[in-house]
Amino acid sequence: MVTTEVDRRRGQLAALAIAAVVIIVGVPLWWRTTETYRAWLPVSQIKELAYMQLQLSADVEVVFARGTVTPEQQKKVPLTQTQDEEHTVDEDTALRYRYETRYRTATVMEEDALNKPTAAEADLSLHMLSESPCGSLVVYVIPESSSLLAQDVDVYIGQRRTAFLRIGAQMRAVRTLEQLLAHLDPQLKQVLQVMSFSHSDIIAALSDRVRLSPGTKESMADSMRAFKSSPGYEITFSLLNPDPKSHRLHWDIEGAVQTYIQPLLTKLAPVANFSIDSQTLYYAMLGVNPRFDSSRGAYTLNSDSLAHVINPVEARLGSNAASSNPVLNFLLYVPDAHHSPLYIHDHKKQEVASNAFHSPRWGGIMVYNVNSFYGAEAELPVDVNINMAKVMGVFLAQLRLLLGVQSSSPPPGFLVAPCGTAGLADWELDRLMWSRSVENVATATTTITSLAQLLDQIGNIVINDNIAVQVSNAVTSLQLAVAELEAGNLGFALQYSKEAILASERAFFDPSLLHLLYFPDDQKFAIYIPLFLPMCVPILLSLLKILSETRQKRREKQAKRD
């Protein structure tokens with residue numbers, strides 16, 4: 001009897017010891033070793049970025065030439081004014097445009113430059129005197145008697161960040177400087193709309209974040225045509241020769257790229273990186289049968305059939321699998337002898353002057369006719385030297401459109417100077433940089449907030465340290481980009497916005513965040529129950545038995561006392 005009691009007591013102590021070890025040591029150790037590692041993320045800062053309040057600041061300098069202000073008015077300059085425009089886009093997005101305008105009179109050297117015979121020469125001379133920083137504008141107010149502008153031109157916009165504004169007769173009649181500035185204000189706003197950012201440009205840059213109304217979408221045709229902002233682009237020039245037996249084509253694509261395309265890409269270096277390649281495809285057909293127009297003795301491609309041209313050709317182009325950058329395709333198609341000449345018609349059945357068309361966010365195609373080389377005594381294949389100046393003029397215009405360089409028509413009375421050999425004016429580059437900076441900030445903000453929401457909803461996803469570093473870098477770069485936009489430092493704002501979008505995409509597409517690398521709760525139960533149930537049932541039954549015996553002994557003792 002005594003031995004049985006000792007064995008029972010020993011069994012109870014053993015069960016209690018095992019239960020204590022499992023509860024005190026086993027469960028915490030298992031919990032710690034199977035815990036999902038989640039590095040710290042700046043969640044509060046990400047939530048602040050979700051409500052985007054952007055302020056874009058532009059510096060404008062208005063310079064009065066001799067004869068535009070009276071001596072009494074001249075005493076009140078230099079003068080600085082600040083104008084703010086606020087726009088509430090939606091409940092999570094607000095915009096503010098700040099224009100800091102500084103008024104002053106022209107220096108002696110600037111007066112000498114304004115006395116040049118033409119506006120283009122004056123623009124160059126003023127640029128040599130001082131170069132305006134990126135994102136700023138200088139407007140020179142010239143007298144009505146100035147010979148720089150023609151009689152029907154009120155505003156001249158040069159290749160740099162300079163504009164000439166002719167003062168009207170009604171402005172010279174005002175007495176105070178305040179009245180003069182009030183008369184100049186509408187024209188200055190028009191100049192800013194052309195040379196700097198506009199509200200429509202900024203809204204188009206926020207198209208991924210803001211839902212556009214149908215009326216707004218129609219006015220955003222240019223932005224819908226352009227490629228989305230990217231750190232780099234691949235440009236491919238392809239020569240399509242469907243009939244190599246009839247003509248042997250020669251094109252100096254390397255020299256043409258260096259002459260016509262490379263100056264533009266060099267100027268666009270702050271926006272993105274570019275790589276260029278070329279290829280020649282033989283027996284490559286358009287995939288659409290052109291119609292023969294007997295009245296003109298030529299073949300035609302209607303605008304309705306142009307949409308069916310790209311897919312068959314695209315299958316032959318190939319792709320650069322080593323790069324994830326968008327590809328801009330420019331195709332030069334030389335029709336075969338049986339379908340030459342070939343002309344493209346628009347929606348109005350009119351012949352397109354450039355004989356080319358472009359597809360939004362894809363590229364452009366130009367048809368180059370060589371039927372004049374086929375003479376009665378010509379031997380096939382005929383040698384054809386392609387006029388690259390004509391071809392690159394078309395491709396350069398298409399490249400500008402696809403990269404988002406807006407070519408809107410100026411207001412009446414405005415004269416815009418040609419962009420020159422670089423293919424891009426300085427103020428056009430600034431407009432593109434404003435749009436790209438805002439687009440990058442909006443895209444990076446959307447990406448990082450979506451990632452934070454995903455990680456918050458699924459608690460089993462592992463957050464490694466490298467992801468936390470990328471998220472922190474993205475948040476820091478976003479804050480710096482927003483601060484630089486507010487300060488008007490456009491170059492730094494674009495650079496920080498590019499760093500933000502790169503860091504946010506690296507964090508969002510990190511391989512460790514794949515859904516196959518974590519288990520949902522139901523799968524965890526299916527794994528752990530067969531492991532823990534055989535061990536926990538005996539321990540639990542022993543504890544229940546000990547508890548039952550303890551209660552039984554207490555009842556017996558209570559009965560003896562009674």
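General observations
One line per residue, one yes/no per condition, for (1) in contact (Cβ under 8 Å) with a residue 60 or more places away in the chain; (2) touching a helix residue (DSSP H, G or I) at 6+ places or on another chain (Cβ under 8 Å):
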{"residue": "N440", "(1), (2)": "yes, yes"}
{"residue": "A444", "(1), (2)": "yes, yes"}
{"residue": "A452", "(1), (2)": "yes, yes"}
{"residue": "D456", "(1), (2)": "yes, yes"}
{"residue": "D465", "(1), (2)": "yes, no"}
{"residue": "V471", "(1), (2)": "yes, yes"}
{"residue": "F492", "(1), (2)": "no, yes"}
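- Those residues of segment 293-307 which are exposed (fewer than 12 other Cβ atoms within 10 Å of the Cβ) and of a type outside the set (A, V, I, L, M), in sequence order: S294, S295, R296, G297, D304
- Residue check for L543: touching a residue at least 24 places away in the same chain (Cβ under 8 Å) and either surrounded by 18 or more Cβ atoms within 10 Å (Cβ to Cβ) or assigned by the TED database to the domain that holds Q83 (or both): no
- Test set (1) among the aliphatic types (A, V, I, L, M); (2) assigned to a helix (DSSP H, G or I); (3) in contact (Cβ under 8 Å) with a residue 24 or more places away in the chain - A113 fails condition number: (3)
- Single match in L180, L184, L192, L188 (criterion: at pLDDT 80 or above, out of contact with any Phe, Trp or Tyr (no Cβ under 6 Å at 6 or more places or on another chain), within 30 Å of T445 (Cβ to Cβ) and assigned to a helix (DSSP H, G or I)): L192
So that you can scan it fast, the table gives a plain yes or no per residue for (1) touching a residue at least 12 places away in the same chain (Cβ under 8 Å); (2) open to solvent by 20 Å² or more (accessible area, probe 1.4 Å):
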position	(1), (2)
L129	yes, yes
C134	yes, yes
P143	yes, yes
S146	yes, yes
A150	yes, yes
D154	yes, yes
A182	no, yes
K189	no, yes
A204	yes, no
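- Number of the condition not met by G67 [criteria: (1) over 46 Å from the mean Cα position of the chain (by Cα); (2) at positive phi]: (1)
- Annotation for segment 345-364: at least one member residue is surrounded by 14 or more Cβ atoms within 10 Å (Cβ to Cβ), of a type in the set (F, W, Y) and either part of a loop (DSSP other than H, G, I, E, B) or at pLDDT 90 or above (or both).
- Test: residue in segment 303-325 that is touching a helix residue (DSSP H, G or I) at 6+ places or on another chain (Cβ under 6 Å) and on the phi < 0 side of the Ramachandran plot: no
- Counted residues, segment 72-94 - those being farther than 25 Å from V62 by Cα and either open to solvent by 80 Å² or more (accessible area, probe 1.4 Å) or in contact with a strand residue (DSSP E or B) (Cβ under 7 Å, 6 or more places away or on another chain) (or both): 7
- Qualifying residue in segment 78-88 (condition: at pLDDT below 90, in a loop (DSSP other than H, G, I, E, B) and touching a Leu at 6+ places or on another chain (Cβ under 7 Å)): no
The values are calculated or read from the model by the stated rules, or taken from the named source; none is laboratory data. All values derive from a computational prediction rather than experimental measurement. Cβ coordinates were reconstructed from backbone atoms using ideal geometry, including for glycine residues, and neighbour counts include every protein chain displayed. Ligands, DNA and RNA are excluded from the accessible area calculation, which covers all protein heavy atoms including side chains. Shrake-Rupley method; radii C 1.70, N 1.55, O 1.52, S 1.80 Å.
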